[in-house]
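Before any comments, here is the structure.
The values are calculated or read from the model by the stated rules, or taken from the named source; none is laboratory data. Source: prediction; values computed, not measured. We place every Cβ from the backbone using ideal geometry, glycine too, and count neighbours over all the protein chains shown.
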Amino acid sequence: MHCAPMCGPFVLGQVSDRLARIPAARLCESARLSSALLLPYHLGRLSTYAALGMLAATSGDILASAAPLGMLPALLLLLGALLFLGHAAGRLVPRLRPLIPASDRAPAAWVRGIARLTSGIDRTRPLGGYLLGVALGFLPCGFLYAALAAAAAAGNAAGGALAMLAFGVGTVPSLLAVGIAGQAAGYAWRRGITAAAPVVMLLNAIILGVLAWQRFAALA
């Protein structure tokens, strides 16, 4: 619901590059579908998310041992809930958007650095697609921050990696749809997505909030 409009252009650009390199005599529906799947790119993103989850959970575990009464995991879950709640509120009440931090905007230097890293990648080849996914996995995203906050409360590196893998897998279907059906998919589903997105975000906020409350209650 969030990835299609934000990351869809990266997918469409790769699909266009791949299709442009297929000879007209070999251009068929199966070739179009194989070009649109971009599996190496998605595997690259998942690799980055898993690594970030491991790092977040390891850091959270180290800090939790020093935090008063082990409150850090509960606070991290609460932070994830608040981030999801903020996104939901911004969609339900547009007037609140200026009050919500723009967590999807990266510093210009960060964007230029990623652009330089990816400029020489041949994204039409599997290895190039994988490396592009690895690099673009570091782009800022409010939902990524919320997922990392929850993953940091996992308590161990394996749990953090699995949590972020689950998050990454959840982002794949909408991007696959954009790659296969093009930007028209986003336009066709926009009304349904606009209605459903705040509800899904609120559910995420509630789940993380309940988990945070359980952690706080266990410390009481």
Residues (of a type in the set (A, V, I, L, M, F, W, C), more than 24 Å from M71 (Cβ to Cβ) and surrounded by fewer than 16 Cβ atoms within 10 Å (Cβ to Cβ)) located in segment 139-171 = A166, V169
For segment 159-168, does any single residue satisfy the condition of being outside any helix (DSSP H, G or I), in contact (Cβ under 8 Å) with a residue 60 or more places away in the chain and within 9 Å of the chain's Cα centre (by Cα)?
-> no
If you take the residues of segment 1-52 that are over 30 Å from G159 (Cβ atoms) and β-branched (V, I, T), which of them is modelled with the highest pLDDT?
-> V15
If we keep only residues of segment 65-102 that are farther than 29 Å from A196 by Cα and surrounded by fewer than 19 Cβ atoms within 10 Å (Cβ to Cβ), then the residue modelled with the highest pLDDT is M71
Candidate set from segment 103-122 (those that are in a loop (DSSP other than H, G, I, E, B) and modelled with pLDDT of 75 or more); member that is surrounded by the fewest Cβ atoms within 10 Å (Cβ to Cβ) = G120
